[in-house]
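Student: My questions all concern the structure below.
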Amino acid sequence: MHTGIYVIMGVAGSGKTTIGELLAHALDIPFVEGDDLHPRENIERMEHGIPLTDEDRRPWLLAIAQRLHDAERSGSGIVVTCSALKRSYRDLLRSRGSADTHFVYLRGSRPTIAERLAARRGHFMPASLLDSQFAALEEPGADEHSSVYDIRESPEAIVANLVQQARDR
């Protein structure tokens, strides 16, 4: 089975880590938590409620792109979490990482996401930055290699669908 190169995307609290870990396990490929690749300065900004700029995000996106590129070259497949909020970010990940990256967009309403963030503990991303995330969000276009899932679906159902898509390829 072709395992693939996946970026699980969406705003904070959409379930990227949950879906990413489940998908990587189901496909038996490496999982990378994109947040772990943020420069310390970015984490400090977010911890203080300061939204990141495109310039702040660039080194982080390049680090993720490198992981995608390495996985493509090795043929190992990979699942990486990354908000990938803007088309320009996804374009960078495709051009510098892997043109074959499949974006899995986890779509949710602001109230649903806010409720999830309020219940989350131990993460550097405060709920106060949710508005800036939705303001920056450019949903993937029909011409992008992506799948869109409603976060009200169970993580297991989303992953089962993705695994079936991988088998069908």
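Student: Placing +1 at every Lys and Arg Cβ and -1 at every Asp and Glu Cβ, with all other atoms neutral, what dipole size does the chain have around its Cα centre, in debye to the nearest 20?
Tutor: It comes to approximately 40 debye.
Student: Within the chain, what whole-number % of the accessible surface is contributed by carbon and sulfur, with the 1.4 Å probe and all protein chains included in the calculation?
Tutor: 49
Student: What shape does the stretch 24-169 take by its C-alpha gyration tensor, where a ≥ b ≥ c are the square roots of the eigenvalues and a/c under 1.5 counts as rounded, a/b above b/c as prolate, and the rest as oblate?
Tutor: Working: a/c = 1.65, a/b = 1.23, b/c = 1.34.
It is oblate, given that a/c is not under 1.5 and a/b is not larger than b/c.
Student: Starting with the highest mean, order 9-15, 88-94, 142-148 by the number of other Cβ atoms within 10 Å, averaged over the residues of each peptide.
Tutor: My ranking of the peptides, most packed first, is 9-15, 88-94, 142-148.
Student: While we're on this one: Counting only heavy atoms of protein chains, what accessible area per residue, in Å², does the chain have with a probe of 1.4 Å? Show your work: numbers first, answer last.
Tutor: Working: 8330 Å² over 169 residues.
Value returned for the chain: 49 Å² of accessible area per residue.
Student: Name the helices (complete DSSP H segments) of the chain with a Cα length along the long axis of 15 Å or more and a Kyte-Doolittle mean of at least 0.0, or state none.
Tutor: The qualifying helices are 16-27.
Student: Let me ask something else. What relative contact order, as a whole-number percentage, does the chain give when Cα pairs under 8 Å and 6 or more residues apart are counted? Write out the running numbers ahead of the final one.
Tutor: Values: 264 pairs, mean separation 62.6, N = 169.
Dividing the mean separation by the residue count of the chain yields 37 percent.
The values are calculated or read from the model by the stated rules, or taken from the named source; none is laboratory data. This one's a predicted model, so the numbers in the text were calculated from it and none came from an experiment. When we count neighbours, we look across all protein chains shown, and the Cβ atoms used for this are built from the backbone with ideal geometry, even at glycine. Only protein heavy atoms, including side chains, enter the accessible area calculation; ligands, DNA and RNA are left aside. Shrake-Rupley method; radii C 1.70, N 1.55, O 1.52, S 1.80 Å.
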